[in-house]
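Scroll down for the structure; my scribbles are underneath it.
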Amino acid sequence: MEKRQDIEFLRIISAFGIVWFHSGAIGHAVSYSGLMVFLILSTYLSKKSTAAGLFRKRFERFIVPWMFWFDVYAVENIVRGEPIINAKRSFLAGVLAGPSIHLWYMPFMFFCLVTLDTAKRHLPPMALCLTSAALAILIMAVTPSLTQPLAELGYPAPQYGHGVVGVLVGIFLLYFDVLPGKTRWLICATMIFVATQRLPYAGIENPSVIGMVLCFVLASGITQKIRSVDFTPLSQCTLGIYFIHILFLDLAAKARIFHGIRGPLVVFVASAITVYYLRRAFPRLAKYWS
């Protein structure tokens, strides 16, 4: 099946947004929308299949690369004279957060998709669609009361709190087509309204809304006919970029090139080129780290 280039392009943009956000460079708060898109697409592209062997596929896709990069950043921490993980609150939280905090995404998404795979076998598409939408709206509505408890739990609890909304929106969009047209857009409008009214994270609420809106546009099919450029070779590198960009951010910080947007742009390009050529040089090993 031919890949939709509008989705592939948005995957690239979301990866750049994550690099930009982690860089802390000027305007980085806006780029938080990249994480929301990353989370939504990870679920939206998981497919509706209930075929056997999905657990193994999820494990190979998320846990195996996570273990590889866990070791990479553990070594980096050892070289820098830092603890491998931050286990001040609990050992489990330290492992889930990882030697580099951005690694939280992999075990989190693995758990979410395995749970979704189980739900698919017991619930009809309409129920999954409406339940995920209702839960996303509910969580966004009660976020103010959850902010402090999640912060007190420490990493990766706040990330999980942000991430679950993106996953639920992704499930809603995965089954978007089972709803009548007016119902779809009423739910989308409700999500956006609640998000703009209730999310309390300074500098994050609007970017989250931007991310949701971009994915709603994709789900509408308006941009589906974009085929003039094949973004697939670069979009296939996005997970690898996500993993490796922290190493390049550390190098860029030492080189002091974080003036304006230049730093994250250079890091993104360097990460993309590295991942692209490593995937070409070692195609059989790519699945273990990207």
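Laid out as a table, the results:
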| item | result |
| --- | --- |
| Probe 1.4 Å - accessible area at His122, Å² to nearest ten | 140 Å² |
| Where Asp250, Asp117, Asp230 fall by accessible area, highest first, once all protein chains stay in place (1.4 Å) | Asp230, Asp250, Asp117 |
| Scaled radius of gyration (Cα, divided by 2.2 N^0.38 Å) that segment 1-126 gives | 1.22 |
| Rounded to the nearest 10 Å², the accessible area of Lys3 at probe 1.4 Å | 90 Å² |
| Area of Ile210 that stays accessible when all protein chains are in place (1.4 Å probe, Å², to 10) | 70 Å² |
| On Cα atoms only, tilt of 181-198 relative to the major axis of the chain in degrees | 50 degrees |
| Rg/Rh (Cα only; Kirkwood hydrodynamic radius) as it applies to the chain | 0.95 |
| Helix 64-79 vs. the chain, principal-axis angle (Cα, 0 to 90°, nearest 10) | 30 degrees |
| Dipole-positive endmost among Val164, Gly81, Trp66 within the chain (Cβ charges, Cα centre) | Trp66 |
| Most to least accessible of Trp185, Trp20 (protein chains only, probe 1.4 Å) | Trp185, Trp20 |
| Whole-angstrom gap from segment 128-150 to segment 261-285, using each part's C-alpha centre | 36 Å |
| Protein-only accessible surface order, largest first, of Phe16, Phe193, Phe9 at 1.4 Å | Phe193, Phe9, Phe16 |
| Euclidean distance of C-alpha centroids, segment 1-49 and segment 58-108, integer Å | 21 Å |
| 5 angstrom amide H check on Ile26, placed H, neighbours 5+ away | Gly260 |
| Segment 8-82 - Kirkwood radius from inverse mean 1/r over Cα pairs (Å) | 14.8 Å |
| Normalised per residue, the volume of the convex hull around the Cα set of segment 126-185 (Å³) | 69 Å³ |
| Rounded to the nearest 20 debye, dipole of the chain from Cβ charges on Lys, Arg, Asp, Glu | 580 debye |
| For the chain, accessible area per residue (1.4 Å probe, heavy atoms of protein chains only), Å² | 51 Å² |
| Using θ = phi - 60° and Karplus 6.51 cos²θ - 1.76 cosθ + 1.60, couplings along segment 238-252 (whole Hz; Gly, Pro as x) | 5, 5, x, 4, 4, 5, 8, 5, 5, 5, 6, 5, 4, 5, 5 |
| Equivalent ellipsoid semi-axes - Cα gyration tensor, segment 48-91, angstrom | 32, 13, 6 |
| With Cα atoms, 0 to 90° folded angle of helix 105-120 axis to the chain main axis | 30 degrees |
| Computed Rg/Rh of segment 53-158, alpha carbon atoms with Kirkwood Rh | 1.06 |
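The values are calculated or read from the model by the stated rules, or taken from the named source; none is laboratory data. None of these values were measured; they are calculated from a predicted model. All Cβ positions, glycine included, derive from the backbone under ideal geometry; neighbour counts span all protein chains shown. For accessibility, only protein heavy atoms count, side chains too; no ligands or nucleic acids. Shrake-Rupley method; radii C 1.70, N 1.55, O 1.52, S 1.80 Å.
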